[in-house]
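Okay, so here's the structure we're looking at.
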Amino acid sequence: MKYVVIGGVAGGATAAARIRRADEFAEIVILEKGKYISYANCGLPYYIGGVIANRDALFLQTPASFGRRFNVDVRIENEVISIDTNSKSLRVSRFDGSVYTEHYDKLLLSPGATPVIPPLEGIELDGIFTLRNVEDTDRIKNYVNSRRVKNVVVVGAGFIGLEMAENLHHTGATVSIVEMADQIMPVVDFSIASHLHLHLLQKGVQLYLKETVERFEKCGDNIEICFKSGKRIVTEIVILSIGVRPETKLAKEAGLKIGETGGIWVDEYLETSEKNIYAVGDAIEFPHPLTGKPWLNYLANPANRQGRVVADNMVFGNTTQYEGAIGTAIAKVFDMSVASTGLSAKKLKQMEIPYKSSITHSGSHAGYYPHALPLTLKLTYDPISGKLYGGQCVGYDGVDKRIDQIALLIKNNGTIYDLMQVEHAYAPPFSSAKDPVAIAGYVASNIISEAMPVVTWRQILMMDHSTSLLLDVRTPDEYKYGAIEGALNIPVDSLRDRIDELPDNKEIYLYCAIGLRGYLALKILVSHGFKNVKNLSGGYKTYAAAITQRNHTTMLESS
Ligand code: FAD
């Protein structure tokens, strides 16, 4: 049996190695158009920033070492230019321009994705880069080093854009981020991204949110970026990171079915519409386990998982169904980490799926043990059953383990009630006896049962003070340091004594620092007969983070 794999990095190399483990005597060929296989594309930004000092560390295997270990015929700089499904053959172009025909019994496509490069005026200017592979990495690194770049603009604030912003900041450059949306990191909700906005501003990164690039102009040795708003900024280098598209050219031209989101269509065995041709990785679309709708998911874990599943199906017949991915991802953004899994509130709203959400702030570990750091968790869930839809987490420490626990529950159809039952390893340096994940579950269950009706920071912004009262139940010192305009301050510990000061004909919106004292105050008021009382979700901390960023954006808009 002859297996041919197109693309020799995440999905392709994993599948080839697994095919070999499943069939010692098969003929396996990897055709890779680049010079490298099985390298760490996720590490590329860190090499550019110098965090990974040794370039060789990026290469998990060389073509020769991989070929030797797995007895695979690895052909780098061999680009597949067409597939003939009738004759089960490929046309392959070598680096020197020569073209040859290769045959397969079973074929795997793992060609990845390509960066989106919009047809903007000036896009071809020297100094504008995208980052996808080792060649791009070398180009960017050489440019930065040879010109001693001191000024960088990253356009697009997804995972890779933010990693590049941080790493170029490491090199000593001043960094600006331009993003069309009103927030960075589009996979999370604004209330989570706003913590990152503040952190980036503290690090001296300039944020240009709600700005769309119209064109690039040459400006001496520099590039001038012209926004649709009329604003302009000048930079030495632009990292364009506005997204990727599945690489489907070969598949399309071979007549394989392309799905509704533009990825290669595959069935549950990762087989394409053409028998004996399979596909994995960034190039495919697959139904989302929560929505049942196909989606594109550009992450390394699914590519690797699919590589293993598909190898078994190719060797043993279609025996293993792929379960799908919910999009669990994490990024380091300077000293913070941000992670998400499943569906955000934004996404649920867009898909018109009813949901509720909760925001909780906890410590990364016990507060009395040194160096506990803040951690914010947002959950989205079904408003009736409590089935978990998504989790988002931002903080400095322990973000990964919290999101991983939530992801596991979501993939197993878990609910917010399951979060309370998560049994976590606890000692003061690692967590609290009540872990942030359990606290998130408790708060979500209070929201769903109406034990704690909540109001969001956006609703507070729009509240009508003639019919509603805003009550700050923090201490006078906290109130003095910063409060929501128009709020009355009665600390929770004085509330029972001062309850007569509250009107009984108004809705009362409570808030404290993070939501806990607000909840206690809500219980007191409800017990004393107040009917319409709500607690600010995530407390002043969530509100302040969101508002500070909005004010900053307004400042930039008017500057
Ligand atoms: P790839 O790994 O991209 O491999 C595709 C290969 O196919 C390429 O080498 C390409 O040259 C080759 N190819 C394409 N067409 C042909 C052809 N016609 N003939 C021959 N060869 C061809 N994911 C995470 O989960 N976490 C991260 O931290 C993370 N960081 C990332 C950072 C960067 C800078 C990048 C670029 C990606 C990152 N990713 C991350 C995404 C992750 O790397 C991809 O999801 C994963 O590599 C997809 O695997 P794949 O096999 O589909 O494609």
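The values are calculated or read from the model by the stated rules, or taken from the named source; none is laboratory data. Not measured: the values here are computed from a predicted model. Ideal geometry is used to build each Cβ from the backbone, glycine not excepted, and the neighbour counts take in all protein chains shown. For accessibility, only protein heavy atoms count, side chains too; no ligands or nucleic acids. Shrake-Rupley method; radii C 1.70, N 1.55, O 1.52, S 1.80 Å.
Would you confirm whether or not the range 152-169 contains a residue that is surrounded by fewer than 16 Cβ atoms within 10 Å (Cβ to Cβ) and either assigned by TED's automatic domain parsing to the domain that holds Val238 or within 16 Å of the ligand (Cβ to nearest atom) (or both)? No.
Screening the candidates Gly292, Gly262, Gly307 for the property of being without any contact (Cβ under 8 Å) to a residue 40 or more places away in the chain, closer than 30 Å to Asp84 by Cα and not charged (D, E, K, R) yields one hit, Gly262.
Candidates Glu260, Glu224, Glu211: the one that is away from the ligand (no atom under 15 Å from the Cβ), open to solvent by less than 40 Å² (accessible area, probe 1.4 Å) and assigned to a loop (DSSP other than H, G, I, E, B) is Glu211. Out of Arg75, Arg21, report the one residue that is modelled with pLDDT of 95 or more and within 14 Å of the ligand (Cβ to nearest atom). Exactly one residue qualifies, and that residue is Arg75.
Note on the range 280-293: among residues that are open to solvent by less than 10 Å² (accessible area, probe 1.4 Å) and β-branched (Val, Ile, Thr), the one that is farthest from the ligand (Cβ to nearest atom) is Ile284. If the condition is being among the polar types (S, T, N, Q) and either in a loop (DSSP other than H, G, I, E, B) or more than 16 Å from the chain's Cα centre (by Cα) (or both), then the range 381-402 contributes only Ser385. Looking across Val454, Val526, one residue alone is of a type in the set (Val, Ile, Thr) and crowded, with 19+ Cβ neighbours inside 10 Å. It is Val454. Within the range 344-365, not a single residue is in a helix (DSSP H, G or I), touching a strand residue (DSSP E or B) at 6+ places or on another chain (Cβ under 9 Å) and in the same structural domain as Gly7 (by TED's automatic domain parsing). Considering the range 267-279, the residues that are within 27 Å of Met351 (Cβ to Cβ) and touching a Lys or Arg at 6+ places or on another chain (Cβ under 9 Å) include one that is least open to solvent (accessible area, probe 1.4 Å), namely Thr272.
Considering Ala345, Ala300, Ala366, Ala372, the condition of being surrounded by fewer than 18 Cβ atoms within 10 Å (Cβ to Cβ) and away from the ligand (no atom under 16 Å from the Cβ) is satisfied by Ala366 alone. On the stretch given as the range 244-257, residues that are crowded, with 16+ Cβ neighbours inside 10 Å, part of a loop (DSSP other than H, G, I, E, B) and out of contact with any Pro (no Cβ under 6 Å at 6 or more places or on another chain) total 3.
Of all residues in the range 228-243, count the ones that are open to solvent by 40 Å² or more (accessible area, probe 1.4 Å) and either in contact (Cβ under 8 Å) with a residue 12 or more places away in the chain or under 14 Å from Ser273 (Cβ atoms) (or both).
Number of matching residues: 5.
Six or more apart or on different chains, Cβ atoms under 6 Å: show the pairs whose first residue is in the range 198-220 and hydroxyl-bearing (Ser, Thr, Tyr) and whose second is not in a loop (DSSP other than H, G, I, E, B). That search, which allows pairs on different chains as well, returns Tyr208/Val178.
Within the group Ala15, Ala10, Ala40, Ala26, which residue is farther than 14 Å from Ser110 by Cα, within 15 Å of the ligand (Cβ to nearest atom) and touching a residue at least 12 places away in the same chain (Cβ under 8 Å)? One residue alone meets the criteria, Ala40. Considered as a group, the residues in the range 421-441 that are within 18 Å of Gly390 (Cβ to Cβ) and at pLDDT 95 or above include one that is most open to solvent (accessible area, probe 1.4 Å), and that residue is Ile439. Filtering Arg68, Arg94 for residues that are free of Cβ contacts under 8 Å to residues at least 40 places away in the same chain, basic (Lys, Arg), open to solvent by 40 Å² or more (accessible area, probe 1.4 Å) and touching a strand residue (DSSP E or B) at 6+ places or on another chain (Cβ under 8 Å) leaves a single hit, Arg94.
May I ask you to list the residues in the range 425-480 that are of a type in the set (Phe, Trp, Tyr) and in contact with a His (Cβ under 6 Å, 6 or more places away or on another chain)? Listed by number, the list holds a single entry, Phe430.
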